[in-house]
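Attaching a single structure in structure tokens format; questions to follow.
The values are calculated or read from the model by the stated rules, or taken from the named source; none is laboratory data. All values derive from a computational prediction rather than experimental measurement. Here Cβ is always computed from backbone atoms with ideal geometry, including for glycine, and neighbour counts include all displayed protein chains.
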């Protein structure tokens with residue numbers, strides 16, 4: 001969902017303020033560029049339709065120099081993704097890189113286990129392919145999320161039908177957010193800044209069984225009811 005903020009006209013040009021939700025790639029601590037290249041290439045090869053031409057932002061907070069930045073950007077482009085900009089720039093570093101410099105206008109949620117009060121957006125039917133829904137609190141879908149559709153929430157995501165598309169919970173950094181679905185056949189899920197492309201059923205998922213996704217020790221865990 002694109003959110004229209006405001007607009008004004010200058011001559012024949014209409015200038016509009018809009019916000020877009022774009023995934024951010026960040027190197028794990030201790031991960032070399034060679035390893036990052038291999039992992040990203042392997043992920044793109046397993047699910048080309050998921051990654052091809054997808055816009056991404058790259059967090060460069062761990063990048064030390066311009067040469068390393070150039071190689072990182074080349075790795076992303078070679079994987080078939082579109083580099084929308086970089087974030088995590090510190091002390092004026094990379095100001096002259098020629099790349100768009102992005103900063104987050106949204107506060108990151110506290111890592112505390114205390115969950116803030118939040119509203120819930122209820123979707124009464126299905127979310128069809130190509131549609132995107134975003135909720136500032138939690139999102140509850142009373143139908144299914146079709147392949148190619150996307151649900152994004154600052155809080156939890158509940159799908160009473162089948163999740164076949166993408167579900168991104170806790171996008172402002174809420175690590176206690178959960179994803180709960182009646183049937184799990186997702187293309188991609190994420191909580192906070194931890195993503196997983198689901199080319200195959202993740203460990204812990206039982207077909208035709210209600211499934212919860214939680215973030216545990218920095219990794220996504222999948223818990224299906226066994227009976």
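At pLDDT 75 or above, touching a helix residue (DSSP H, G or I) at 6+ places or on another chain (Cβ under 7 Å), surrounded by 10 or more Cβ atoms within 10 Å (Cβ to Cβ) and over 27 Å from residue 201 (Cβ atoms): which single residue out of 63, 56, 89 fits that description? First the steps, then the outcome.
Numbers: 56 fails: over 27 Å from residue 201 (Cβ atoms); 89 fails: touching a helix residue (DSSP H, G or I) at 6+ places or on another chain (Cβ under 7 Å).
Answer to the selection: 63.
Within region 17-41, take every residue that is at pLDDT below 75 and farther than 30 Å from residue 131 by Cα and give me the one that is surrounded by the fewest Cβ atoms within 10 Å (Cβ to Cβ).
29
Hey, another quick one. So how many residues does region 48-80 have that are in contact (Cβ under 8 Å) with a residue 12 or more places away in the chain, closer than 17 Å to residue 33 by Cα and part of a helix (DSSP H, G or I)?
The number of residues fulfilling the criteria is 9.
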